[in-house]
1. Pull out the extension gain between ARG9 and ARG341, defined as 0.36 nm times the separation in residues minus the alpha carbon to alpha carbon distance; nm, one decimal.
2. According to a simple spin-label model (label point 7 Å from Cα along Cα-to-Cβ), what is the distance in nm between ASP367 and SER112?
3. For LYS38, list the aspartates and glutamates whose Cα falls under 12 Å from its own Cα; do not include residues on the same chain fewer than 8 positions away.
4. Could you order the peptides 322-330, 76-84 from most to least packed, using the average number of other C-beta atoms within 10 Å per residue?
5. Just for the range 304-430, what percent of DSSP beta bridges are antiparallel, to the closest 5?
6. Can you give the extra length, in nm with one decimal, that the chain gains between ASP269 and ARG153 once fully stretched, where that is 0.36 nm per residue apart less the Cα-Cα distance?
7. If each residue of separation counts as 0.36 nm, what is the full-extension length gain between GLU70 and GLN222 once their alpha-carbon separation is subtracted?
8. Obtain the nm distance between the two label points defined at THR305 and ASN252 by a simple spin-label model: each point lies 7 Å from its Cα along the Cα-to-C-beta direction.
Amino acid sequence: MGESSVTVRPARNILGSMRVPGDKSISHRYAMLAALAKGRSRFQNFSPGADCASTLGCVRALGCATERDEQDAVIVEGLGPQLQAPNQPLECGNSGSTMRMLAGIVAGQTFSSEMIGDESLSRRPMKRIIEPLSRMGAQIQAADGGCAPLRIRGGTLQGIEYHPPVASAQVKTSLLFAGLLAEGKTTVEEPSRTRDHGELALRAFGATVDRSRNTVSIAGGQELHPLEAYIPGDISSAAFFLCAAAIFPQSNLVIDGVLLNPTRSALLDVLSAMGSRISMVRVEEQHGELMGTIALVPGPGPAITIEGALTTLLIDELPVLAAVAPFTAGGLEVRDAGELRVKESDRLSAVTHNLRAMGAQVEQTADGWRMPGDQKLHGADIQSFGDHRIAMAFAIAALRAEGETCVHGAECVAISYPGFFADLERVVER
Ligand code: S3P
């Protein structure tokens, strides 16, 4: 991808109705489980982002045909629990979800695989999956510091009981996928609740998964059946537009067909607490996942602190919340967000750097920030740091700044949301 810049002009208002592309977390999981389900699965509104394309590329390398049909639905021809040995490294690109979750699947195969990624992914921590998958019986070699490339020699896995030290849905899902292919029972007890798409997807494909509070378990050897599903709009993509609407007093924004899974929708509670009025209509369930229409009308509200379990549930929405926090009435404090340092970029520092470039007052702590509300920011040169959520977060902050903002390295929005800038222009009033 070549570097490209996008200039964002200030806006007066956010108005209109829209849809967002299919959820990235669900798309990854459905594509991976479809590979393990013998027969044809079909997914409408599959994420158009480069990350999910990486997952589909890996699924093909493991012997499963995939295509887009005339309705743009993704088809995966699953092989069942035994996949084919890849004759090339599994290219995960920028996608931590692809590498971590698919590692659980290749760990349970009879062959060896190599998993590689781009520069950012090759810096991200993989010990969090290497350790438990090794305990299950996989042999895994990594580069220095427990990073990619990973060489995974699969085999017969044994179920384990595991207590991950960090709350990570990718780790939980990786172990549940490995557990599906293992002998015996695999149990994961998380330090705090994370998104539950792995559990829901396994059930949608016909597996039994038990859950009680923060503990999930799966028995090995269960057979999956193929799935036809519509994937709800990604609420982490909707987040950019919701946060934009929240900082213009005259906004009125409706987003249709968006994921409302309670482990993903904490942003709606936070925006409400910050003063917005949010309503949900036409709520329906799709294979265990809730989806519906959100309408947001903004309003002033008090200062907000995000910490503990709430930080975990909001992890992907924190960059945009932080980027708009200076424009809110009360400001924001975020704690317990050390995980932001090991995302596609160091998101703690990236947000601080860009907010300061725009003239904002922000205090960065060891695991969060404090930003007062009611600030005036000016347009600036913004760096994406190659991170899609940083590029989009600051395209939103730029709407309320005085003067133009140039987002450098804006092409990375294609990781999750190729049409982001075009969709933004449709709801912005100038
Ligand atoms: C994801 C889990 C989160 C999140 C990522 C997607 C998932 O990562 O940040 O964008 O689909 O399970 P962690 O598991 O590292 O917290």
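The values are calculated or read from the model by the stated rules, or taken from the named source; none is laboratory data. Predicted model, so just to flag it, every value in this text is computed and none were measured. Cβ: placed from backbone, ideal geometry, glycine included. Neighbour counts: every protein chain shown. Just the protein is used for accessible areas: all its heavy atoms, side chains included, with ligands, DNA and RNA removed. Shrake-Rupley method; radii C 1.70, N 1.55, O 1.52, S 1.80 Å.
1. 116.6 nm
2. So the two model labels end up 3.9 nm from each other.
3. GLU77, GLU223
4. Numbers: 322-330: 24.6, 76-84: 19.0.
Packing proxy ranking, top to bottom: 322-330, 76-84.
5. In the range 304-430, DSSP labels about 45 percent of beta bridges as antiparallel.
6. Values: separation 116, 0.36 × 116 = 41.76 nm, distance 4.38 nm.
Computed gain between ASP269 and ARG153 is 37.4 nm.
7. Fully extending the segment from GLU70 to GLN222 adds 51.5 nm.
8. 3.7
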